[in-house]
Amino acid sequence: MSLTHLDADGSAHMVDVGGKVATRRQAIATGRIVMAAEALSAIREGLVKKGDVLAVARVAGIMAAKRTSDLIPLCHPLPLTKASVDFAFEADAIRVTATAATDGKTGVEMEALTAASTALLTIYDMAKAIDKAMVIEGVCLLEKQGGKSGDWVRG
């Protein structure tokens with residue numbers, strides 16, 4: 001298997017997708033932030049002094065998905081048709097699930113991963129006054145649909 005972002009000399013380059021057919025593509029990524037009960041309760045009850053943590057984290061994740069190519073050097077700028085960020089409270093954490101979609105020539109895995117990561121970082125930023133020991137973990141791609149390699153789901 002060869003790495004698509006390396007040329008024959010091993011130098012990094014942006015993949016030429018000009019000859020590919022545009023298709024519907026979607027990716028879903030997840031991750032979680034583990035925190036103390038006090039921080040989890042404050043977020044759930046809307047008592048964090050900086051404001052509505054999940055509302056801000058949702059907007060940050062969506063904005064990050066739209067700006068992925070500005071952050072990840074070899075990503076193509078994509079016209080997203082969907083970018084969403086959802087949250088679920090767990091016993092000791094908040095789980096983030098981010099979805100990105102496009103009708104394009106390359107996939108949106110990086111956009112979904114960037115959205116999830118940025119939403120998690122935003123939660124950390126907004127709640128760090130309560131719990132500096134929060135841990136972001138398990139950021140990964142859950143599934144992708146479309147493209148030459150077809151559909152994939154984490155096993």
Next on the checklist: What distance in nm lies between label points placed 7 Å from Cα along the C-beta direction at ARG24 and ASP103?
Outcome noted: 1.0 nm
Checklist entry - Which residues does a label at VAL135 reach in the range 31-73, if reach means a backbone N under 15 Å from a point 7 Å past the Cα toward the Cβ? => result 32-37
Item to check | Gained length - MET63 relative to ALA37, 0.36 nm times residue gap less alpha-carbon distance | outcome: 6.5 nm
Checklist outcome for this item: Restricting to lysines and to Cα separations under 19 Å from LYS148, and discarding same-chain partners fewer than 8 apart, the set is LYS20, LYS105
Item to check | Percent RCO, i.e. relative contact order, over the chain, from Cα pairs under 8 Å lying at least 6 residues apart | outcome: 36 percent
Checklist entry - If one puts a single equal scatterer on every Cα of the range 65-147 and applies the Debye formula without solvent, what log₁₀ I(q)/I(0) results at q = 0.16, 0.26 Å⁻¹? => result -0.64, -1.30
Checklist entry - Which aspartates and glutamates have a Cα less than 12 Å from the Cα of LYS66, not counting those fewer than 8 places away in the same chain? => result GLU111
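Thinking of the range 95-136 as a set of Cα atoms, what percent of all their pairs are more than 13 Å apart? List each step's numbers first, then the result.
Working: 501 of 861 pairs.
So the pairs more than 13 Å apart make up 58 percent of the total in the range 95-136.
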Checklist outcome for this item: Counting only protein heavy atoms and leaving out ligands, DNA and RNA, the solvent-accessible surface of LYS50 at a 1.4 Å probe, in Å² to the nearest 10, equals 120 Å²
Item to check | Relative contact order of the range 58-97, pairs being alpha-carbon contacts under 8 Å that are 6 or more residues apart, as % | outcome: 33 percent
Next on the checklist: I need two numbers for the chain: Rg to one decimal and Dmax as a whole number, Cα atoms only, in Å.
Outcome noted: 17.2, 55
Checklist entry - What distance in nm separates the simple spin-label points at LEU47 and ILE72, each placed 7 Å from Cα in the Cβ direction? => result 3.8 nm
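Let me have the 222 nm mean residue ellipticity of the chain computed from DSSP H runs of 4+ only, each contributing -39500 (n - 2.57), with the sum over all residues rounded to the nearest 500.
Working: 4 runs with 45 residues, N = 155.
Value at 222 nm, helices only, nearest 500: -9000 deg cm²/dmol.
The values are calculated or read from the model by the stated rules, or taken from the named source; none is laboratory data. Keep in mind that this is a model prediction, so the values were computed, not measured. Cβ: placed from backbone, ideal geometry, glycine included. Neighbour counts: every protein chain shown. Note: accessible area is taken over every heavy atom of the protein model, side chains too, but ligands, DNA and RNA are not part of it. Shrake-Rupley method; radii C 1.70, N 1.55, O 1.52, S 1.80 Å.
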